[in-house]
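Presented below is the structure to which this report refers.
The values are calculated or read from the model by the stated rules, or taken from the named source; none is laboratory data. Keep in mind it's a predicted model, so treat the numbers as computed, not measured. Note that we place each Cβ from the backbone using ideal geometry, even for glycine, and neighbour counts take in every protein chain shown. Accessible surface areas use protein heavy atoms only, side chains included; no ligands, DNA or RNA. Shrake-Rupley method; radii C 1.70, N 1.55, O 1.52, S 1.80 Å.
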Amino acid sequence: MSSRTVIRGGLVVTASDEIHADVLIEDGRVAALAASGTPAAESFTAPRVLDATGKYVIPGGVDVHTHMEMPFGGTYASDTFETGTRAAAWGGTTTIVDFAVQSVGRPLREGLDAWHAKAEGNCAIDYGFHMIVSDVNEETLQEMDLLVEEGVTSFKQFMAYPGVFYSDDGQILRAMQRASANGGLIMMHAENGIAIDVLVEQALARGETDPRHHGEVRKVLLEAEATHRAIQLARVAGAPLYVVHVSAEEAVAELAAARDKGLHVFGETCPQYLFLSADDLAEPGFDGAKYVCSTPLRPREHQAALWRGLRTNDLQVVSTDHCPFCFTGQKELGRGDFSKIPNGLPGVENRMDLLHQAVVDGHIGRRRWIEIACATPARMFGLYPKKGTIAPGTDADIVIYDPHAEQVISAETHHMNVDYSAYEGKRVTGRVETVLSRGEPVVEDHRFVGRAGHGVYTPRSTCQYLS
Ligand code: URP
Ligand code: ZN
Ligand code: ZN
């Protein structure tokens, strides 16, 4: 039996168009759009009619950087796939791409299977996986080919965290060469971790143990240097490169220079770098631990370069790097030693709203909002046009968004499984009203009506942003 829904009277905003249109959904997909009020639109009939008058009708958000249940620093990110995808849906995100982790010395397959087991049957929205490659050897290089074939088409490597996820330049080059041959995309955590570890040791020896020192030792120059090096290695390998969580003006400059040369080099930033700063890390006492992530929050002056990069397309994607740790019991592991604070911030629920606030504040336009939060992440990671836009044939992952509603972000009201909000008290204009995932309501008039297990694993094609 076919299931139909009509969304009437909203302003449909995609990365390319804005049009007052009615949307007909059938069997989980967009069947047709027609300008509101026209005979074509009036011919759309369905048992479920959603009134979007005065609202935006936008593609569901695509967050291509999350870490549900990720092991880090002797603990685990506090959102499970169940709680994290539910919170994502509350915030208007309908697809996540999470990072499966290879344990050193173990096959990629084992890590990927473990992530499938964590996610399967638990997600409220659709999901895919990248693979963190912690150990480059002949076996893992061969496994990369198999993973690309089965829809895990991107691989994260770390120039940071020696002894944990770290890869040296030779390992990076080998993985890039493999990706160049098999169509995979290397995602780089670009910080010089070897140098950072020296500075960490020296800071601790001087008695500098507070959270703010996390930002001070992870220097801008060490992000810029690693970004530069990653770009050169990618050039040597003839591979495209996607640099994750770019936070510093000097790193954006490296990406811009590479792109000016016509290289396939891409960059992602995250809301925390756009809205928070080193001032938050320097909150009195131990409160700055709430803001410990890597790359670290930078002095506020860097934000202008990030916004500019998003406008000039030197940065293409905003994802969250959602990696929550509770303040009590988890961030507290680093009391007296900032290097033991688990790295990561919550945010999967806040991204669409914060980026809408950026529209309100005039940093970006409305279509650019959709481009950096929905369409380009989907294209970059092989999910387009199934995800990331609204057009006949696409999955009906659709958000009815009220651009005038006011809200105050708070841990009291958020749905992420974490005991603080990095944006506590921030007032934003705009709010998710209704969320459909493949045509099924997940959030309806500010109520969660979805279910764990509705979300399915979504294999991805190779990067569609190169062509
Ligand atoms: O601090 C962060 N970003 N934690 C998550 C792991 C990573 O490097 O992305
Ligand atoms: Zn990282
Ligand atoms: Zn991350």
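Within the stretch 342-355, can you find the residues that are away from ligand 3 (no atom under 16 Å from the Cβ) and not in a loop (DSSP other than H, G, I, E, B)?
Within the stretch 342-355, Met352, Asp353, Leu354, Leu355 qualify.
For the stretch 138-160, which positions are in contact (Cβ under 8 Å) with a residue 60 or more places away in the chain and either over 12 Å from Arg178 (Cα atoms) or away from ligand 1 (no atom under 16 Å from the Cβ) (or both)? Break it down stepwise before answering.
The first filter runs over the stretch 138-160 and keeps only residues in contact (Cβ under 8 Å) with a residue 60 or more places away in the chain, leaving 148, 150-154, 156, 159-160.
Those that are in contact (Cβ under 8 Å) with a residue 60 or more places away in the chain and either over 12 Å from Arg178 (Cα atoms) or away from ligand 1 (no atom under 16 Å from the Cβ) (or both): Val148, Glu150, Gly151, Val152, Thr153, Lys156, Met159, Ala160.
For the stretch 79-164, please list each of the helices (runs of 4 or more DSSP H) lying entirely inside it that holds at least 3 residues being modelled with pLDDT of 95 or more and surrounded by fewer than 21 Cβ atoms within 10 Å (Cβ to Cβ). Steps first, answer last, please.
On the way: elements: 81-90, 108-119, 138-149.
Those helices (runs of 4 or more DSSP H) span 108-119, 138-149.
Starting from residues that are open to solvent by 30 Å² or more (accessible area, probe 1.4 Å), in contact with a strand residue (DSSP E or B) (Cβ under 8 Å, 6 or more places away or on another chain) and touching a residue at least 40 places away in the same chain (Cβ under 8 Å), keep the ones in the stretch 414-428 and report whichever is farthest from Asp98 (Cα to Cα).
Here is the first cut: in the stretch 414-428, the ones open to solvent by 30 Å² or more (accessible area, probe 1.4 Å) are 415, 417, 419, 424-427.
Then keep just the ones that are in contact with a strand residue (DSSP E or B) (Cβ under 8 Å, 6 or more places away or on another chain); that gives 415, 425-427.
Subset that is touching a residue at least 40 places away in the same chain (Cβ under 8 Å): 415, 426.
Values: His415: 18, Lys426: 27 Å.
For the stretch 414-428, the residue satisfying everything is Lys426.
Looking for whichever is more than 30 Å from Ser319 (Cα to Cα) and in contact (Cβ under 8 Å) with a residue 12 or more places away in the chain here; the options are Ala31, Ala35, Ala52, Ala40. Which one fits?
It is Ala35.
So which of Phe327, Phe338 is open to solvent by 10 Å² or more (accessible area, probe 1.4 Å), more than 16 Å from ligand 2 (Cβ to nearest atom) and hydrophobic (A, V, I, L, M, F, W, C)? Let's see the steps before the verdict.
Numbers: Phe338 fails: open to solvent by 10 Å² or more (accessible area, probe 1.4 Å).
Exactly one of Phe327, Phe338 is open to solvent by 10 Å² or more (accessible area, probe 1.4 Å), more than 16 Å from ligand 2 (Cβ to nearest atom) and hydrophobic (A, V, I, L, M, F, W, C), namely Phe327.
Could you count how many residues in the stretch 208-229 are within 16 Å of ligand 3 (Cβ to nearest atom) and in contact with a helix residue (DSSP H, G or I) (Cβ under 7 Å, 6 or more places away or on another chain)?
So in the stretch 208-229, the residues within 16 Å of ligand 3 (Cβ to nearest atom) come out as 214, 218, 223, 226-227.
Pick out the ones that are also in contact with a helix residue (DSSP H, G or I) (Cβ under 7 Å, 6 or more places away or on another chain) and you get 214, 218, 223, 227.
Residues that pass the stated criteria total 4.
From Ala373, Ala358, Ala405, Ala411, grab the single residue that is of a type in the set (A, V, I, L, M), assigned to a loop (DSSP other than H, G, I, E, B) and either closer than 16 Å to Pro271 by Cα or open to solvent by 20 Å² or more (accessible area, probe 1.4 Å) (or both). Lay out the reasoning, then the answer.
On the way: Ala373 fails: assigned to a loop (DSSP other than H, G, I, E, B); Ala358 fails: assigned to a loop (DSSP other than H, G, I, E, B); Ala405 fails: assigned to a loop (DSSP other than H, G, I, E, B).
Unique residue meeting the criteria: Ala411.
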